[in-house]
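Have a look at the structure below, then the notes.
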Amino acid sequence: MEGLPQGRVAQAVDRLIASYRGDTPTDAPVLRDRADVAAYAAYRMPATFEAVRSALRAFRTAVPDWAPATHTDIGGGTGAASWAVADAWPEGTQRTTVLDWAEPALALGRELAATAGSPALRGASWHRARIGAAMGLEPVDLVTVSYVLKELTEADRAAVVEQAAAAGETVLIVEPGTPDGYERIIEARDRLIAAGLRVAAPCPHSGGCPIVPGSDWCHFAARVSRSSLHRQVKGGSLAYEDEKFAYVAATRVPAVPAPARVVRKPQIRKGQVLLDLCSDDGALHRTTVTKRHGALYREARDTGWGAEWPPPAT
C-alpha cells in the first residue's frame with residue numbers, strides 16, 4: 001500500500017464493503033486497479049486465508065493421508081486460498097494454478113507469492129480467465145473456489161461448480177457465513193454429490209442437510225489476527241476478528257467424516273456443556289456433557305464451534 005493515497009484506498013475499501021454485502025455486478029471484475037487490489041489484500045485477504053485454512057484443517061482430519069500434487073484456485077484473486085493450501089500441506093510441492101479475471105489482482109498475487117517460503121507458491125502460475133462456463137479446466141487433485149460464487153450469475157455459478165466437480169478429485173468451496181452464502185453452499189453441495197463426490201467436511205454425511213430452509217443456516221467462525229495495518233484499514237482497535245464462513249469439502253478419495261460436527265458455539269454452564277451437533281445419522285442433536293463424563297467433560301469444555309465430536313483420539 002506504500003505510495004497509494006490514503007483517501008483512494010479508503011474509497012476502495014468502502015466500495016469493496018458494498019460489493020461484499022450487496023449484489024455484485026458480473027459484467028466487470030470487482031478489483032479494477034492497483035488501489036482496489038491493495039485495499040482488498042489488506043482488508044479481506046487475511047480473513048479469506050483463515051477461513052480456507054480452517055476448512056482445510058477439517059478436511060485433512062477426514063483424509064489425513066492424502067495430499068494434492070496439483071491445485072487450481074478458481075477466482076483466486078491475490079491468492080489467499082493458495083496460501084492456505086500451501087499452509088495445509090507445507091511439505092508438499094503441489095503445482096498451483098490461480099485463475100482470475102482481474103489482472104491487477106493476479107499481478108499482486110504474483111508479487112506476494114514470489115516472497116513466500118513455500119516452493120509451491122513461488123512456482124504458482126497466474127492466468128487471466130473469465131470465471132464461468134468457458135474456463136476449460138484440466139484435471140487436478142484439488143480445486144478451491146473461495147468467496148467467488150456470490151459474484152457470479154446463477155448460470156455461471158452452476159457452470160463453475162460443475163466444472164470443478166468434473167476436474168477435481170477434491171473440491172473445496174467457501175462462501176461468507178450468511179444465510180445466502182449458506183444457500184449457495186447447499187446448492188453447490190448438491191451438485192458435487194450429484195457428480196459422484198462424497199462430503200468429507202463439515203457434514204458428517206452426504207445426505208440432505210437437516211436444517212429446514214429459511215429457519216437457520218450452517219456456518220462457522222475462524223479467528224483472524226489483525227496486524228497494525230489490518231486494524232488501520234478496517235478502522236478497528238481489536239487485535240483480532242472472527243470471520244464467519246460456510247463451506248463444503250467433497251472428494252472422490254476414501255474419507256472418514258467426523259461422527260458429528262459442533263454447529264454452534266458451545267454453551268458452557270456450571271458443571272455442564274451444551275453441544276449442538278450435526279450427526280452422521282443426518283439429524284441435528286443437542287447433547288449435554290456433564291462432570292460425570294470425566295475426561296469427555298474436559299474435552300467438551302475445550303472444544304470449539306466447527307470441531308468434530310467426539311474429538312479424534314490422539
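The values are calculated or read from the model by the stated rules, or taken from the named source; none is laboratory data. As the structure is a prediction and not an experimental result, all values here were calculated from the model. Reconstructed Cβ throughout: ideal geometry from the backbone, glycine too, with neighbour counts over all protein chains shown. Please note that ligands, DNA and RNA were not included when accessible areas were found on the heavy atoms of the full protein model with its side chains. Shrake-Rupley method; radii C 1.70, N 1.55, O 1.52, S 1.80 Å.
Listing for the model above:
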read-out: Only listed residue being closer than 22 Å to residue 244 by Cα, outside any loop (DSSP other than H, G, I, E, B) and open to solvent by 60 Å² or more (accessible area, probe 1.4 Å), chosen from 292, 264, 301; value: 301
read-out: Residues within region 107-141 that are outside any loop (DSSP other than H, G, I, E, B), crowded, with 18+ Cβ neighbours inside 10 Å and out of contact with any Phe, Trp or Tyr (no Cβ under 9 Å at 6 or more places or on another chain), tallied; value: 2
read-out: Set 256, 212: member being more than 19 Å from residue 47 (Cα to Cα), open to solvent by 50 Å² or more (accessible area, probe 1.4 Å), out of contact with any strand residue (DSSP E or B) (no Cβ under 7 Å at 6 or more places or on another chain) and at pLDDT 95 or above; value: 256
read-out: Any hit, region 81-101, residues being crowded, with 24+ Cβ neighbours inside 10 Å and farther than 29 Å from residue 254 by Cβ; value: yes
read-out: Index of the failed condition, residue 250 passing every other in (1) open to solvent by 60 Å² or more (accessible area, probe 1.4 Å); (2) under 30 Å from residue 165 (Cα atoms); (3) aliphatic (A, V, I, L, M); (4) modelled with pLDDT of 95 or more; value: (1)
read-out: Pairs where the first residue, in region 58-70, is over 13 Å from residue 308 (Cβ atoms) and open to solvent by less than 50 Å² (accessible area, probe 1.4 Å) and the second is among the β-branched types (Val, Ile, Thr) and in a helix (DSSP H, G or I), C-beta under 9 Å, 6+ apart; value: 68/85
read-out: Filter pass, residue 236 being open to solvent by less than 60 Å² (accessible area, probe 1.4 Å), at pLDDT below 95 and in a loop (DSSP other than H, G, I, E, B); value: yes
read-out: The one condition in (1) in contact with a Ser or Thr (Cβ under 8 Å, 6 or more places away or on another chain); (2) part of a loop (DSSP other than H, G, I, E, B) that residue 144 fails to fulfil; value: (2)
read-out: Check on residue 198, in contact with a helix residue (DSSP H, G or I) (Cβ under 8 Å, 6 or more places away or on another chain) and either surrounded by fewer than 21 Cβ atoms within 10 Å (Cβ to Cβ) or within 20 Å of residue 86 (Cα to Cα) (or both); value: no
read-out: Single match in 270, 265, 244 (criterion: modelled with pLDDT of 80 or more, within 17 Å of the chain's Cα centre (by Cα) and among the basic types (Lys, Arg)); value: 244
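A quick yes/no check of all residues on (1) out of contact with any Phe, Trp or Tyr (no Cβ under 9 Å at 6 or more places or on another chain); (2) acidic (Asp, Glu); (3) surrounded by fewer than 17 Cβ atoms within 10 Å (Cβ to Cβ); (4) under 23 Å from residue 120 (Cβ atoms):
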{"residue": "154", "(1), (2), (3), (4)": "yes, yes, yes, no"}
{"residue": "159", "(1), (2), (3), (4)": "yes, no, no, no"}
{"residue": "170", "(1), (2), (3), (4)": "no, no, no, yes"}
{"residue": "185", "(1), (2), (3), (4)": "no, no, no, no"}
